[in-house]
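The values are calculated or read from the model by the stated rules, or taken from the named source; none is laboratory data. These numbers were taken from a predicted model, which means no experiment stands behind them. Using ideal geometry, Cβ is built from the backbone for each residue, glycine included, and neighbour counts are taken over all protein chains shown.
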């Protein structure tokens, strides 16, 4: 059988795409309403976060319901890049959890959300290597076992697969960026190494798809080659963006430490303008930015 | 030098030649890897995205190198900005490091990636020997220039008054 369309979204069957699209657009409206309320009461909430969340919701919704360009496997890959990588980044950069916690009044709902966010299972889920394993491991399973072919024509399995792709993409991005308040903060070394490993696995899978299609599928060579290169270079763009988020966090944290050191007299010595020794002993500019 | 030690009444910033050299080398290696990708893969189409004779270990090392290159490029520029912000940049050392990085990566790519791992060749359908020589000699020249600049930067720093 020629697998002409692996996505119900591509052919128009299945309720997963429209349902999630409606959900995420509702979330965007709620986000905008919450941000407006925050500003009205005098809190600072940068507008670019509104823009980021809205853009993330729109591209996600579009990728889930529109018919995407290119051959079937290329369209599948465009959807993967948007649903699992680009849209989660835009949504996570808007710090939705922070906004929710700020806008909710004290009460059972807010307490419940905090309890969940700070619970032990969630803390484990937010361990960067585990999040990466769930995300990239799922990607490998999907493309290197018969899962992709099996999902074809089985709406429930297909919805589960695509739900996992979106959830794991969000989890991975949330964990690596670590912009929202969670129980356990992971240092830059953990998150940076995780990003490196995930990018590595993504690049290897992308390149291997150039020569070997997922088992049980028959795509044309042209479709396969376009999709493979799209996955490879599209992954690069998202990886650069994620690396920039991490590097900017480090830059801001070291900047704060630097200004602190310059303002305070050096504890061990003569302080500013002493015996000609530099008043600033450079700290170890450690990679533990938050 | 744009970053001489400050006047005594200002909290002095310490110039960091070693770190400047390392950051320059990091940027140099990443830039050379990116140039390779953009010029030879994307513009000239000399290199192939996937070469069927590539062994699995080659695919693995290629993926790691490619990912590390992107992260190194981003990290390098932020580390550089940090050196400048703290007035800790030693420009001569950073320049020397840049050449060291460019040359070292070019040589590594030419010898390990092209020849030992046989990831891809410089060009297909032609005798590749002159291309290999040109590639590796260019890398060696860049590396030697980097070494010469490092020595010179070290001498310059040595003649400057202490405390920097």
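Structural remarks
- Residue count, the range A:176-202 (criterion: under 24 Å from residue A:117 (Cβ atoms) and within 11 Å of another protein chain (Cβ to nearest Cβ)): 4
- The set of residues from the range B:147-164 being in a helix (DSSP H, G or I) and either modelled with pLDDT of 85 or more or surrounded by fewer than 13 Cβ atoms within 10 Å (Cβ to Cβ) (or both) comprises B:147, B:148, B:149, B:150, B:151, B:152, B:153, B:154, B:155, B:158, B:159.
- Residue check, residue A:106 more than 17 Å from the chain's Cα centre (by Cα) and outside any helix (DSSP H, G or I): yes
- Screening the range B:81-90 for residues that are more than 8 Å from chain A (Cβ to nearest Cβ) and surrounded by fewer than 19 Cβ atoms within 10 Å (Cβ to Cβ) and picking the one that is farthest from residue A:199 (Cα to Cα) gives B:87.
- Residue A:213 meets the conditions (1) assigned to a helix (DSSP H, G or I); (2) within 20 Å of residue A:165 (Cα to Cα) in every case but one. The failed one is (1).
- Every condition in (1) surrounded by fewer than 21 Cβ atoms within 10 Å (Cβ to Cβ); (2) in contact with a helix residue (DSSP H, G or I) (Cβ under 9 Å, 6 or more places away or on another chain); (3) within 14 Å of chain B (Cβ to nearest Cβ) holds for residue A:152 except the one numbered (3).
- Note on the range B:23-46: residues that are in contact with a helix residue (DSSP H, G or I) (Cβ under 7 Å, 6 or more places away or on another chain) and surrounded by fewer than 18 Cβ atoms within 10 Å (Cβ to Cβ) total 2.
- Members of the range A:172-210 that are surrounded by 22 or more Cβ atoms within 10 Å (Cβ to Cβ) and part of a loop (DSSP other than H, G, I, E, B): A:178
- Unique match (being more than 18 Å from the chain's Cα centre (by Cα) and at the interface with chain A (Cβ under 10 Å from one of its Cβ atoms)) among B:64, B:44, B:60, B:73: B:60
- Taken together, the residues in the range B:115-140 that are free of Cβ contacts under 8 Å to residues at least 60 places away in the same chain and assigned to a loop (DSSP other than H, G, I, E, B) amount to 4.
- Residue B:68 vs. criteria part of a helix (DSSP H, G or I) and buried (at least 19 other Cβ atoms within 10 Å of the Cβ): no
- Restricting B:79, B:83 to residues that are in a helix (DSSP H, G or I), touching a residue at least 24 places away in the same chain (Cβ under 8 Å), within 30 Å of residue A:261 (Cα to Cα) and over 15 Å from the mean Cα position of the chain (by Cα) narrows the list to B:83.
- For the residues B:100, B:144, the requirement of being in a helix (DSSP H, G or I) and buried (at least 22 other Cβ atoms within 10 Å of the Cβ) singles out B:100.
- Filter result for residue A:213 (surrounded by fewer than 17 Cβ atoms within 10 Å (Cβ to Cβ) and either away from chain B (no Cβ under 13 Å) or at negative phi (or both)): no
- From the options A:248, A:243, residue that is within 12 Å of chain B (Cβ to nearest Cβ), loosely packed, with under 15 Cβ neighbours inside 10 Å and within 21 Å of the chain's Cα centre (by Cα): A:248
- Just one of the listed residues (A:111, A:102) is free of Cβ contacts under 8 Å to residues at least 60 places away in the same chain and either in contact with a strand residue (DSSP E or B) (Cβ under 7 Å, 6 or more places away or on another chain) or surrounded by fewer than 17 Cβ atoms within 10 Å (Cβ to Cβ) (or both), and it is A:111.
- Evaluation of residue A:94 against (1) farther than 22 Å from residue A:15 by Cβ; (2) without any contact (Cβ under 8 Å) to a residue 40 or more places away in the chain; (3) under 12 Å from the mean Cα position of the chain (by Cα) (one fails), failing number: (2)
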